[in-house]
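The values are calculated or read from the model by the stated rules, or taken from the named source; none is laboratory data. A quick note: this is a predicted structure, and the numbers were derived from the prediction, not measured. In this analysis, Cβ positions are derived from the backbone assuming ideal geometry, glycine residues included, and neighbour counts consider all displayed protein chains. Note: accessible area is taken over every heavy atom of the protein model, side chains too, but ligands, DNA and RNA are not part of it. Shrake-Rupley method; radii C 1.70, N 1.55, O 1.52, S 1.80 Å.
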Amino acid sequence: MTNKHYAIIGGGINGLAVARQLLLDFPDANVTVFEKETEVAMHQSSHNSGVVHAGLYYEPGGLKARLCRRGAELVKQYCTENNIPYDECGKVVVALSKEEEGRLDAIYQKSIANKVPDVSILTGSEIQEVEPNCIGTKALYSPRTAIVSYGEIARHIAQEIKQKNGTLVLGRKVVNLTEQYNKITVHFEGGDHYSQTFNYVVTCAGLQSDRLAANSGDIETPKIVPFFGQYYVIDEQFKSHVKGLIYPVPDPKYPFLGVHFTKRIDGQMTIGPNAFISFGRENYEGNKFNISDIYDFLTYKGFWKFSSKNMSAAIRELRTVLSQTNFVSEAAKYVPSLADVSVEPATRGIRAQAMESDGSLVDDFVIRKQGNITHIRNAPSPGATSSLAIAEYIVREIMTHH
Ligand SMILES: Cc1cc2nc3c(=O)[nH]c(=O)nc-3n(C[C@H](O)[C@H](O)[C@H](O)COP(=O)(O)OP(=O)(O)OC[C@H]3O[C@@H](n4cnc5c(N)ncnc54)[C@H](O)[C@@H]3O)c2cc1C
């Protein structure tokens, strides 16, 4: 695969990591990244919690469990070697009731099976030795969980790609790929195509991944259904009430981790994200509607099946969407001293979550090869933590498998 031509569609952290991995493994390869925005990492990769997940929750043996553990090691190493801020601030997952304690124990068992380093169970009083203002009946403590800026890491990788003679084509939206006689053509919006053809292509298009894959001949499902997550920054004077990361025990029926306290690498303390259907895949302001994105999920039978099964969770999340007070009081269950804290809306993130036509949300990462084109079809959280390991997996296992 040394002198071949490779195209990567999508300049988020996953696409950039794949391009870098190709250049590391095949220094003479011709590698081109196509990104529709005028800068890299403008979507999920710069609108997230910034947590380097240690691998607590994921089904042992699955891709998420494996690639998150490996990815967390690689992110730490990458930050250390490149002087990128990395703060091992630690995380507690806190139970508030007997019922949640049972679910917490199950997460603990998974974290042991996933070989997450140094995890332990804390009693109610021990929680305060880690987070002095946090209350709960029991907690899982992961001291190795860290925070970073994935946007900064992605921009650094983009520089490295250029230094290694890779090419970044910015501001060009790819509408589809066609493969003929082992040569792949990259077609742009507007009807033209890239001058050069490619031997291999990897699509890493995040929120648009289902459309690009289906337009290029891959299967239609799973489809991406966008769920936004709003963050709030808490008043600067109160940020010392939380030392690191405080998470609830996730609702097993809902794939998102729940509103949590997240320390940011820039020193801010945020609360969020909630999870609710987004009226646009790239609609960060929240007051705009994208008709074709709305049409896509409203006409997808999977969405209606999902909605009917998840009404109670959706109503709980909607309460936090409609009222800032409800949002803060969800989080203050864990840190009562912050019950009246003032907050400012911060960024909003939109998750590219794949959904099957039976309404189930796809839990594991999905990476599919079709001819010489490899598609990332589902890479939600911990997709950023795992990015450097996803890249290794694609380049060394998926692309070499005939
Ligand atoms: C609210 C939220 C919180 C999260 N928190 C965490 C966390 O704490 N830790 C963690 O590990 N993960 C987290 N994640 C998940 C993580 O952000 C993603 O898994 C990761 O960023 C995915 O990277 P990506 O490169 O696959 O996608 P993206 O970053 O979305 O990049 C896709 C790129 O493809 C480009 N593109 C799309 N279509 C085209 C096209 N047709 N032509 C050209 N370019 C195209 C887009 O412009 C974009 O730049 C979170 C996600 C969200 C939304």
*Could you tell me whether the stretch 72-94 includes any residue that is in contact with a Leu (Cβ under 6 Å, 6 or more places away or on another chain), at pLDDT 95 or above, in a helix (DSSP H, G or I) and open to solvent by 20 Å² or more (accessible area, probe 1.4 Å)?*
yes
*All but one of (1) open to solvent by less than 10 Å² (accessible area, probe 1.4 Å); (2) of a type in the set (Val, Ile, Thr); (3) more than 14 Å from Ala384 (Cβ to Cβ) hold for Thr38; which doesn't?*
(1)
*Does Gly258 qualify as being assigned to a loop (DSSP other than H, G, I, E, B) and under 16 Å from the mean Cα position of the chain (by Cα)?*
yes
*How many of the residues in the stretch 207-242 are assigned to a loop (DSSP other than H, G, I, E, B), over 24 Å from Gln324 (Cβ atoms) and charged (D, E, K, R)?*
2
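Scan the stretch 341-370 residue by residue and report those that are small (Gly, Ala, Ser) and surrounded by 15 or more Cβ atoms within 10 Å (Cβ to Cβ).
Once the filter is applied, which keeps residues that are small (Gly, Ala, Ser) and surrounded by 15 or more Cβ atoms within 10 Å (Cβ to Cβ), the stretch 341-370 yields Ala346, Gly349, Ala352, Ala354, Gly359, Ser360.
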*In the stretch 279-316, which residues are touching a strand residue (DSSP E or B) at 6+ places or on another chain (Cβ under 8 Å), among the hydroxyl-bearing types (Ser, Thr, Tyr) and modelled with pLDDT of 95 or more?*
Tyr300
*Residues that are surrounded by fewer than 20 Cβ atoms within 10 Å (Cβ to Cβ) and β-branched (Val, Ile, Thr): which helices (runs of 4 or more DSSP H) entirely in the stretch 262-340 hold 1 or more of them?*
291-298, 311-322, 324-332
*Within the set of pairs 6 or more residues apart or between chains, which connect a residue that is under 16 Å from Pro345 (Cα atoms) and touching a residue at least 60 places away in the same chain (Cβ under 8 Å) inside the stretch 309-323 to a residue that is in a helix (DSSP H, G or I) and of a type in the set (Asp, Glu) with Cβ atoms less than 8 Å apart?*
Thr320/Glu330
*Mind telling me which of the residues Ile147, Ile135 ends up being among the β-branched types (Val, Ile, Thr), within 28 Å of Gly349 (Cβ to Cβ) and open to solvent by 10 Å² or more (accessible area, probe 1.4 Å)?*
Ile135
*Determine which single condition Gly229 fails, assuming it passes every other condition in (1) open to solvent by 40 Å² or more (accessible area, probe 1.4 Å); (2) within 14 Å of the ligand (Cβ to nearest atom); (3) under 23 Å from Ala41 (Cβ atoms).*
(1)
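Per-residue answers, yes or no, for (1) modelled with pLDDT of 95 or more; (2) in a loop (DSSP other than H, G, I, E, B); (3) away from the ligand (no atom under 16 Å from the Cβ); (4) in contact with a helix residue (DSSP H, G or I) (Cβ under 7 Å, 6 or more places away or on another chain):
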| residue | (1), (2), (3), (4) |
| --- | --- |
| Leu104 | yes, no, yes, no |
| Glu129 | yes, no, yes, no |
| Gly136 | yes, yes, yes, yes |
| Gly151 | yes, no, no, yes |
*Among (1) assigned to a helix (DSSP H, G or I); (2) without any contact (Cβ under 8 Å) to a residue 60 or more places away in the chain; (3) among the hydrophobic types (A, V, I, L, M, F, W, C), where does Met42 come up short?*
(1)
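For the stretch 106-127, enumerate the residues that are among the hydroxyl-bearing types (Ser, Thr, Tyr) and either modelled with pLDDT under 95 or surrounded by 14 or more Cβ atoms within 10 Å (Cβ to Cβ) (or both).
Of everything in the stretch 106-127, those that are among the hydroxyl-bearing types (Ser, Thr, Tyr) and either modelled with pLDDT under 95 or surrounded by 14 or more Cβ atoms within 10 Å (Cβ to Cβ) (or both) turn out to be Tyr108, Ser111.
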